[in-house]
Amino acid sequence: MDMSKYMSIFRSESDRNIKEMSDSLLALEKNPENAEQINMLFRIAHTFKGMAATMRFKEIVELTHEMESLIDKFRTGRLTPDPFLTDILFECLDALEGLVKNACADMETKTEERKNSTGEDSNFYPDSEKALKTLRTINNSLEESAPQENEFCIFSIDKRIEKTRENKEVEPEGEKKKGEREGKKKEVEEKEEETKQREWHKEGEIKQRDGKEREEKIEQREGEEREEKIEQREGEKKKKEEDGKEEKKGRVQSPKIQSSRISTEQLDKLMNLVGELVINRTRIKELIAESKSKDLDFALSEYQKLTRELQEEVLEIRMVPLDQITNMYPRMIRDLSKAQNKKIDFIIKGKEIKLDRTVMEEIGDPLVHLLRNAVDHGIETPEKRVEFGKEETGNITITASRQQNHILIKIEDDGRGIDPEIVRKAALEKGLICREEAEQLSEREAVQLIFTPGFSTASVVTSLSGRGVGMDIVKKRIERLGGSVRVESKPGAGSRFELKLPITIALYQAMLVKVGMERYAIPFTSIIKSISIRNKEVRRIRGEEVVIINEKALPLLRLRKLFQLPPLQNEESLVVVIVEKAGQYIGLVVDSLLGKQEVIIKNFKSRFLEKTRGFSGATIMGDGSVILILDVNSII
C-alpha cells in the first residue's frame, strides 16, 4: 500500500503532537503533581505511536513506546517527573522531531541515497538511538527493582501473622486474671442485649406484616400501570423504526467534508487573480464615471460589493494565528534559561491574533533574536536580581494586539534595561560613530544605535550573542515588510520593543498624492494625518525646514526636492502628509492629495530596482498606469 499520500497529514499531526507534548512537559516542570498534564502526555504519546505504526516508521514507534512506558510510571506514582526525567523527555521530543523530518523527506524523495545519508539538519537533533537506550535503561532498571504483586501480598500477610503471634507471646501473666474478670462481665452484658434485640424484632415483624400487605397492593397497581406504558412506548418505537427504514431505502447518507487542505501556491495564485480583479474594477469605475449612466452605476455597485466580499474571503484564508510561530518559544526560553542558570517566567498574550501568511513567515527570525537578547542581555541571574531588590524569577512577555489597520507586537522584560552611556561607549569603541556625534545624541537616539550593523555590547562572542548582527536583522526584516521597530528602556527596570506590522502586504489602503506630473502612493499604515499650512509658517533650524505643530518642531521633507524636481513658484500654502516611523515624525510636502485608493503591491523583481531607495514597490491603476509606492522607513 502506498503510504506517501498520507505523509502531509502525518507531518502536520506529528508537529501538533510534539508541540502539545512540549507544552505539557513545560507545565509539569512547574507542577510535577499535575495529573491532568501527565494523562494528556500519556494519551498523546500513545496516539503518536499508533500513527507511526500505521505509517510503518519503526524507529518512531520504538521511541514513543519507551516514552509512553516512562510516562505511565508517572501516572501510577512509581516515579515523579523530576528535572532529570523531564530533560530526558525533552531530548526525546527533539529526537522525535528529527525522525519525523527524516522520515517525511525519505518518503517524498524515495531514494536510497537519502535514507543512507545524514542531512545537514540532522546535526541539530539529538541522537535517537542514544535517547532510546537511555529510556530503556531507566524503564528496565525500574522493572527489575520493583517487587511482583503476588510476592508483595504474601509478604504483607506473613508480616501481619508474625506480629499477632509476637503480641500473644509477650502478654504478661498478671494481665490474664484481669482479662478473665472482664470477659465474664462482657458475657452478662451480651445476654441482656440479646434479650432486648429479640423483643424489638418481634414488634418489628408485626409492623412489617401490616406494612408489607399495603406495600404489595400499591406495588401491584404501579406495576400494572408501568407495563401498560412500556407496551405503549415499544409500539410507538417500532412504528418509527419501520417508517425510518422505508425512508432510508430511497437514499444513502454520505459523510460531510468539513474542511480541505490547500497549498500555499494555490493561495498565492488566488490572491494574484483577486488583485487583477480589483485593478479591473477600478478601470470599470473610471469608464462608468465618464458615461454617467444610472443603470451602469447600479450594476457597478453590485459588482463592487461582490468583488469586495471575494477579496475579504481570500485575505481571511491567507491569515494564520500568531500561535503558528510562538508555539516554539516557551521551549526555547526554557532551554536558554537553564543553560544560563536563570529563572524566567515566559508569557504570551494575544496569540490568537491573525496575520497574513507572508508577514508571519518574515517575523519569525526577528522575534527569536529579540527573545534571545532578552534572555542573554536583559534578565539577570537570580543572585543579581536579589541584590537589586527584585524577585529571583525574571519575566518576559509577548503581547500582540490589533490597532486599526496594523498589528502591534510588544516584547517586554523586567531585566537590567539598556544604558545609553554604555551604548555610546560601545559604538565609539567599534568606530560606528565619531566623538562629536556621540556627544550630540540624545538618550533616545543613543539607544537606537543598537540597530546599527556590527553593534554589540557583549565582550565575549557566545552562541547567543556578541557578533552584532541580531538587531540589525530585526530592523531590516520589519522595515522590508513596511513596518517599524521602536524601543523604550530604563536602566535597571527593563526594556520594551514594539513591532508595528501591516496585517497583510498583498493589498492595503494608500493615499494617492501628486508631485510634479507623477502620482505616488503612501501606505495608510505610516500616515498620521494630512494638514495644510501657510508657507510663511515654515522656519529653519540648523539649516532644516520645520513647522511648529502643538508646540513641537515637525521636520519637513519636500518630495519635489527629493525627486530633484524644480520647486513651485509663489506657493502660498503647502499640503503636508505627516508620517511616523518608530516614534519619529516627519511632514512630507506634496503638490496635492488625490484621495484614498486600494492598491495591489507589486514588488521589484529586478536586481537593479531592488536597491532603489525611497520606494517599496509599485501598483497598477485602472487605466494601466504604474504608480510607485513610497517607502517611509527609508525616507525618514
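Okay, here's what the table says:
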| item | result |
| --- | --- |
| Surface accessible to a 1.4 Å probe, per residue, for the residues of segment 493-586, Å² | 57 |
| Under Karplus coefficients 6.51, -1.76 and 1.60, residue-wise ³J(HN,Hα) of segment 89-96 in Hz, glycine/proline x | 5, 5, 5, 5, 4, 4, 5, 4 |
| Peptide ranges 11-24, 28-41 listed from the most packed, as the mean C-beta count within 10 angstrom indicates | 11-24, 28-41 |
| Theoretical gain in end-to-end length, Lys285 to Leu306 [0.36 nm per residue, Cα-Cα removed] | 6.1 nm |
| In segment 282-428, lysine pairs with alpha-carbon atoms under 26 angstrom apart (chain gap of 8 or more, or interchain) | 25 |
| Interchain or long-range residues, amide H under 5 Å from Arg558's placed H | Val589 |
| For segment 352-363, 3J(HN,Hα) per residue [Karplus equation, 6.51 cos²θ - 1.76 cosθ + 1.60, θ = phi - 60°, Hz, x = Gly/Pro] | 7, 4, 9, 10, 4, 3, 5, 5, 4, 5, 7, 8 |
| Segment 408-455 - percent of accessible surface contributed by carbon and sulfur, probe 1.4 Å | 47 |
| R0 of 25 Å, Cβ-Cβ distance Glu429-Arg613: FRET efficiency to nearest 0.05 | 0.25 |
| Segment 286-397 pair-distance distribution - Cα-Cα, 5 Å bins, rounded % | 2, 10, 14, 13, 10, 9, 7, 6, 6, 5, 4, 4, 4, 3, 2, 0 |
| Distance histogram for segment 392-453 (every C-alpha pair counted, 5 angstrom bins, percent rounded to whole numbers) | 3, 15, 20, 15, 13, 14, 12, 7, 1 |
| Segment 83-88 - phi-based ³J(HN,Hα) in whole Hz, Karplus 6.51/-1.76/1.60, Gly and Pro as x | x, 4, 6, 5, 4, 5 |
| Which of Glu412, Glu445, Glu572 is most accessible, then next, and so on - probe 1.4 Å | Glu572, Glu445, Glu412 |
| List Thr504, Thr47, ordered by accessible area with a 1.4 Å probe, largest first | Thr47, Thr504 |
| Heavy-atom SASA rank of Met332, Met517 (probe 1.4 Å, accessible area, largest first) | Met517, Met332 |
| Estimated FRET transfer efficiency when R0 is 25 angstrom, pair Arg540-Glu436 (beta carbons, to 0.05) | 0.70 |
| Segment 488-503 and segment 291-355: distance between their alpha carbon centers, rounded to Å | 21 |
| Counted charge near Glu20, where neighbours are those whose Cβ lies closer than 14 Å (Asp, Glu -1; Lys, Arg +1) | -2 |
| Net +/- balance of residues flanking Glu545 in space, Cβ distance below 11 Å, scoring K and R +1, D and E -1 | +3 |
| Overall form of segment 482-631 per C-alpha gyration tensor (a/c, 1.5; a/b vs b/c) | oblate |
| 5 angstrom amide H check on Glu380, placed H, neighbours 5+ away | Arg416 |
| Sequence-distant residues sharing a close amide H with Leu594 (under 5 Å, placed H) | Leu512, Val513, Lys514 |
| Rounded if a/c under 1.5, otherwise prolate or oblate - segment 522-568, Cα gyration tensor axes | oblate |
| Estimated inter-spin distance, Ile549 and Asn405, nm [label 7 Å along Cα→Cβ] | 1.6 |
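The values are calculated or read from the model by the stated rules, or taken from the named source; none is laboratory data. Everything numeric here is computed off the predicted structure, so don't read it as measured data. Here the Cβ is made from the backbone with ideal geometry for all residues, glycine too, and neighbour counts use every protein chain on show. In case anyone asks, the SASA skips ligands and DNA or RNA and just uses the protein heavy atoms, side chains included. Shrake-Rupley method; radii C 1.70, N 1.55, O 1.52, S 1.80 Å.
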